[in-house]
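The values are calculated or read from the model by the stated rules, or taken from the named source; none is laboratory data. Remember, predicted model here, so these are calculated numbers, not experimental data. Here Cβ is always computed from backbone atoms with ideal geometry, including for glycine, and neighbour counts include all displayed protein chains. Note: accessible area is taken over every heavy atom of the protein model, side chains too, but ligands, DNA and RNA are not part of it. Shrake-Rupley method; radii C 1.70, N 1.55, O 1.52, S 1.80 Å.
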Amino acid sequence: MELLIGQTHRSMLGFLSKHSYICLGRHSTQRKLFSARMGRFHTTVSLPNRAGGENSTLTLSTVGFRNKDNMGKLDKISHPTEKKPLNKLRQTGVKLISSRVEKAGKRTSPEVDTTLFNVKSFFELGLSPLLIERLEKEEFTVPTDIQSAAIPTISQKHDVVIQSYTGSGKTLAYLLPILSKVGPLRDAVPEEQSDMKPGIEAVIVAPSRELGMQIVREVERLLGPSYKRYVQQLVGGANRLRQEEALKKNKPGIVVGTPGRIAEISAAGKLHTHGCRFLVLDEIDQLLAFNFREDMHRILEHVGRRAGKPVATLGPPSQQADRQIIMVSATVPFSVIRAAKSWGKDPLLVKGKSVASIDSISLPSSENSHPASGPSQQPRGSVTQVVGESLPPALKHYYCVAKVQHKVDTLRRCVYALDARFVIVFMNHTKQLKDVVFKLEARGMKAAELHGDLGKLARSTTLKKFKDGEVRVLVTNELSARGLDVAECDLVVNLDLPTDSIHYAHRAGRAGRLGRKGNVVTICEDQEVFVVKKLQRQLGVPIPACEITEGKLVVGKDEEKMKKKEAVR
Ligand SMILES: Nc1ncnc2c1ncn2[C@@H]1O[C@H](COP(=O)(O)OP(=O)(O)OP(=O)(O)O)[C@@H](O)[C@H]1O
């Protein structure tokens, strides 16, 4: 068992405190953010954005950083309170304050003003009125932290990496600013542009069909029943001809798909994305994996590429395209930072309630030695964050020692002990899933398997049954670890150990979504306990031992006693 990421990410604990926090604005003028709740404007200092010119560089002086010495200066440019109509709200800026700044050879302590990220309604984020209406209809009222920070940043046309824990609402964080700019719910456009048929305006790439389909459903939900056809799925495993026909007939503005299928249809000349404005790479760290390399190359070369210019003449990858690139994941290793530096223009890292310049993040020397030309390498063992930050705060973690022949029974007793209703069980080998399902069903527990070898229909039927509560235990492999959103999932069980803490985090994150309570139980053999201990150290969350006694999950103080008890079973 290889656990690779611990040392490096521990050394990166202070990473965010090392780089600059800066202020953004739509134009290079001062911006005001209306806070309906506070009933006043906040002043922000602006950052030259992409629209403002490609040569504009981010320097601390151009962005008006705030430290203890210049705080007074910033305060002096505050403006009187005043209520503004909705169109003024679209001028909303995102405030980024220097956290640590070299000044006279001395570093000042971090000072991050997060007031602008504390908005209490989507209305305050400057989204289009039609989209706000749709959000209200769908009962989305309060933005999550990551949405409050990411939406204005993306609206300001910045290339971004969005990092926030699993189940924190990252999908809407990028969908809303996109739908505010393209499609039937967008902001009003100048009359001369209103008749233009723009073609594909946003390409969203996800590493699995399930995640792709889930994103499609989220877009459809936002668009409402009348405009569903504005989004088209291009996932593998589905009929390609039908997808191509739908592209021709419906002329969608947004496509969502897996790298292979998007690249395939694009190579066949059936998908025209040169004019595309947004490229979203969801679960970016997984999309950088070797198996996606060729397809990702094609996508990056073609989506939003300036028409008529061969790639070779366009210079570095970041200057080859007019698109805005948005990369998203709960876990952001250095490979993602490297990709963002290479493909983005002055990219920003939006993380929780803060925004920072990615260009100011220095990569370890081994990472710098890789040419930043594409997603060819997937450096492991380095992350820009404590992986524990990608875990929902309300999740509880335990491990339970069991002999291999008792694992399924322990699982069953664990489900009863926690009275869990929606259980996702992770295993490493597809062949063993069926056996576990068989054993659970034999003991009267409704279970089903989900893995990549099943056809698309079987996969979606199983998933639907699970979401509808017809199946209590979903036995699956790594396929379901990324992005799968079953809101009610209250228990995740690792029946096999995950390969590292990043995999642990994504598996665990299927439970405890959007602030809900949830449990993660790792069932392992005695000789595997040291791996759990290592995961615990790397994740920075307690994973105490537990046992199932008399129908209850008992958290053990005396771990040795528990191991001995299991040994005599
Ligand atoms: N502002 C909101 N109000 C209510 N529900 C929301 C809001 N934002 C998102 N949600 C819901 O929260 C759930 C989780 O969101 P989402 O799947 O985007 O999380 P995520 O951060 O992308 O997770 P992961 O990292 O696991 O992919 C979804 O069901 C989504 O519809």
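Observations
- GLY169 within 24 Å of the chain's Cα centre (by Cα), touching a residue at least 12 places away in the same chain (Cβ under 8 Å) and within 30 Å of LYS517 (Cα to Cα): yes
- Positions within the stretch 474-483 being at pLDDT below 95 and crowded, with 23+ Cβ neighbours inside 10 Å, in sequence order: SER480, ALA481, ARG482, GLY483
- Restricted to the stretch 141-240, the set of strands (runs of 3 or more DSSP E) holding at least 2 residues that are more than 16 Å from the ligand (Cβ to nearest atom) and closer than 25 Å to LEU271 by Cα comprises 202-205, 231-234.
- Among the residues of the stretch 451-473, the one identified as without any contact (Cβ under 8 Å) to a residue 12 or more places away in the chain, exposed (fewer than 14 other Cβ atoms within 10 Å of the Cβ) and more than 23 Å from LEU491 (Cβ to Cβ) is LEU457.
- Leading residue by the ranking (nearest to the ligand (Cβ to nearest atom)) among those in the stretch 125-140 that are farther than 12 Å from PRO177 by Cβ and open to solvent by less than 30 Å² (accessible area, probe 1.4 Å): LEU135
- Test: residue in the stretch 494-516 that is in contact (Cβ under 8 Å) with a residue 60 or more places away in the chain, in the same structural domain as LYS456 (by the TED database) and part of a strand (DSSP E or B): yes
- Candidates LYS439, LYS446, LYS407, filtered to the one that is modelled with pLDDT of 95 or more and open to solvent by less than 40 Å² (accessible area, probe 1.4 Å): LYS407
- Residue within the stretch 530-540 that is within 16 Å of the ligand (Cβ to nearest atom), modelled with pLDDT of 95 or more and not aromatic (Phe, Trp, Tyr) present: no
- In the stretch 495-506, residue farthest from the ligand (Cβ to nearest atom) [restricted to those that are buried (at least 24 other Cβ atoms within 10 Å of the Cβ) and not aromatic (Phe, Trp, Tyr)]: SER501
- If you go through the stretch 514-530 and keep only what is closer than 12 Å to PRO498 by Cβ and touching a strand residue (DSSP E or B) at 6+ places or on another chain (Cβ under 7 Å), you end up with VAL520, THR522, CYS524.
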